[in-house]
Amino acid sequence: MNPAVDGLPEQARPLIGHWTLESWTGVTAAGEEVAHGGGEPSGELIYLPSGRMAVQISHGGRIRFGSGELDAGDEPGQARAYRTYIAYAGRFSVPEPGTVIHHVEQALHPDQAGIDKRRAYELDGDRLRLRTQPVTTAGAAASSILAWRRRPWAAERLAP
């Protein structure tokens, strides 16, 4: 028994860990492939034994402001930065194998706090694929598949 995960339902335990985004792709209804987040998006996803989670995803090629100050950049640049970054945190649950729900409590997008994001998932060892609802990119709705790889040290330290 591992006291760190004893309160977490058995079906949620395999998700525990620190995951790094490997790709974010999709397919439109017309069958066209979409690279959500540009050519090289990056991100981190964390599932904790406490049932908490957090995710941050940055589109590839984001334009820097040249300053670390919170008010840096002009309004169009700030708007572009907002549109090219995803961040939220909250609780997670696994109501059935192959489905994870992110219960959003805090989010960069102010209207997402309080919503549930249902994700289909496939887990193969240290590889995790999350499928979301369709996402609009470049004016077209497309499926969204995020491929993650578990960071090795997290797997060792947090494994049930």
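The values are calculated or read from the model by the stated rules, or taken from the named source; none is laboratory data. Keep in mind it's a predicted model, so treat the numbers as computed, not measured. Using ideal geometry, Cβ is built from the backbone for each residue, glycine included, and neighbour counts are taken over all protein chains shown.
Below are the figures for this structure:
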{"quantity": "Evaluation of A79 against (1) modelled with pLDDT of 90 or more; (2) aliphatic (A, V, I, L, M); (3) touching a Pro at 6+ places or on another chain (Cβ under 6 Å) (one fails), failing number", "calculated": "(3)"}
{"quantity": "Residue list for segment 107-145, restricted to those being loosely packed, with under 15 Cβ neighbours inside 10 Å and in contact with a His (Cβ under 6 Å, 6 or more places away or on another chain)", "calculated": "D116"}
{"quantity": "Members of segment 78-106 found to be of a type in the set (G, A, S), closer than 22 Å to P41 by Cα and loosely packed, with under 14 Cβ neighbours inside 10 Å, listed by number", "calculated": "A79"}
{"quantity": "The lone exception for D111 - which of (1) without any contact (Cβ under 8 Å) to a residue 12 or more places away in the chain; (2) assigned to a strand (DSSP E or B); (3) under 30 Å from P9 (Cα atoms) it fails", "calculated": "(2)"}
{"quantity": "Candidates S67, S23, S58, S50, filtered to the one that is small (G, A, S), at pLDDT 90 or above and under 13 Å from S93 (Cα atoms)", "calculated": "S50"}
{"quantity": "Residue among G39, G73, G51, G61 that is surrounded by 13 or more Cβ atoms within 10 Å (Cβ to Cβ), of a type outside the set (F, W, Y) and either closer than 17 Å to Q112 by Cα or in contact (Cβ under 8 Å) with a residue 12 or more places away in the chain (or both)", "calculated": "G51"}
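Yes/no matrix, rows are residues, columns are (1) more than 19 Å from T136 (Cα to Cα); (2) in contact with a Gly (Cβ under 8 Å, 6 or more places away or on another chain); (3) touching a residue at least 24 places away in the same chain (Cβ under 8 Å); (4) in a loop (DSSP other than H, G, I, E, B):
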position	(1), (2), (3), (4)
E22	yes, no, yes, no
G26	no, no, yes, no
G66	yes, no, no, yes
A79	no, no, no, no
V100	yes, no, yes, no
